[in-house]
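The values are calculated or read from the model by the stated rules, or taken from the named source; none is laboratory data. In this text, all values refer to a predicted model and were calculated from it rather than measured experimentally. Note that we place each Cβ from the backbone using ideal geometry, even for glycine, and neighbour counts take in every protein chain shown. Please note that ligands, DNA and RNA were not included when accessible areas were found on the heavy atoms of the full protein model with its side chains. Shrake-Rupley method; radii C 1.70, N 1.55, O 1.52, S 1.80 Å.
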Amino acid sequence: MLSPSALRMLGYGSLDEMIGRTAASFYAKPTDRERLLERLRSEGSVNDYEVTLRHRDGSEIQVSTNSKYYRDASGAILGVEGIFRDISERKAGEKALQQKVDELAALNALSRSINTSLDLTQTVSTALEGIFKAIKPDLTFLFLREGERLVLLDLLPGTGRKGLGEIPEHRVGECMCGLAVRQQRALYSRDISVDSRCTWEDCKRAGIRSFAALPLCSGAE
């Protein structure tokens, strides 16, 4: 039987609203329940075991549980008792902190690369790898400005080049990358398919949707 606090955590007002629901249906990930039960069968109890439950509105809740099996004298299972605590806020904070750590690590790696090497290829590689580790985008690429031209230096992952096909020359002031260079500020789009600033059809055909163009400036350059 669920306590009133457990009902509230899952978004229900009373036990009557849960009639017909199985215990398994409250787990957002079936493997979470299977692993929890396997641990209980082998160890009898668990403490601070993290699983993901499904709220009534469909959202996911990160919870930590202390659970144990009750058995009779013969060892047969009589039932299971568990206490679930909502740790969604804590997990979100941990994720945000890890994101910041990854971003700082990427910036630190890029700074070391620039300070220890004048090799452009190595610096570009470090920058792209840092971006990938920090924010894990589906695709990232870096252009070098040469006058009014934007020359593609590299992109990650390498398979992204296949999806984009032959990448045409970009120019300052054109499309979002060129506009970001001209305006010397970051530009963002949630959906480039309906954004008039994005004039490069290859990106749309490749399935790119959200996009960020970030100019890397050194003084006025």
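Quick notes on this structure:
- Amide H contacts of Thr199 (H built 1.01 Å from N, under 5 Å, at least 5 apart or other chain): Cys175, Met176
- In order along segment 14-21, the phi-based Karplus estimate (6.51 cos²θ - 1.76 cosθ + 1.60, θ = phi - 60°) of 3J(HN,Hα) comes to 7, 5, 4, 6, 9, 4, x, 8 Hz; Gly and Pro are listed as x.
- Amide H partners (placed H, <5 Å) of Lys29, local residues excluded: Thr52
- Accessible surface ranking that places the most exposed of Glu60, Glu89 first, with a 1.4 angstrom probe: Glu89, Glu60
- For segment 28-111, the Cα gyration tensor yields ellipsoid semi-axes of 36, 15, 10 Å (square root of five times each eigenvalue, largest first, whole Å).
- A simple charge model with +1 on the Cβ of Lys and Arg, -1 on the Cβ of Asp and Glu and nothing else charged puts the dipole of segment 59-156 at about 280 debye relative to its Cα centre.
- Accessible-area order (highest first, 1.4 angstrom probe) of the listed residues His55, His170: His55, His170
- Modelled spin-label separation between Glu60 and Asp191, with each label point placed 7 Å from Cα along the Cα-to-Cβ direction: 2.4 nm.
- Simple spin-label estimate for Glu169 and Arg145 in nanometres, 7 Å along Cα-Cβ: 1.8
- Taking a straight Cα-Cα cut-off under 22 Å and skipping sequence neighbours fewer than 8 places away in the same chain, the lysines within cross-link reach of Lys95 are Lys29, Lys133, Lys136.
- Kirkwood Rh in Å, taken over all unlike Cα pairs in the chain: 22.0
- Counting Lys and Arg as +1 and Asp and Glu as -1 over every other residue whose Cβ lies under 13 Å from the Cβ of Glu146, the net charge comes to 0.
- Ranked by how many other beta carbons lie within 10 Å on average, peptides 69-80, 28-39 from highest: 28-39, 69-80
- Potential lengthening between Ser5 and Thr31 on full extension [0.36 nm per residue; Cα-Cα distance subtracted]: 6.9 nm
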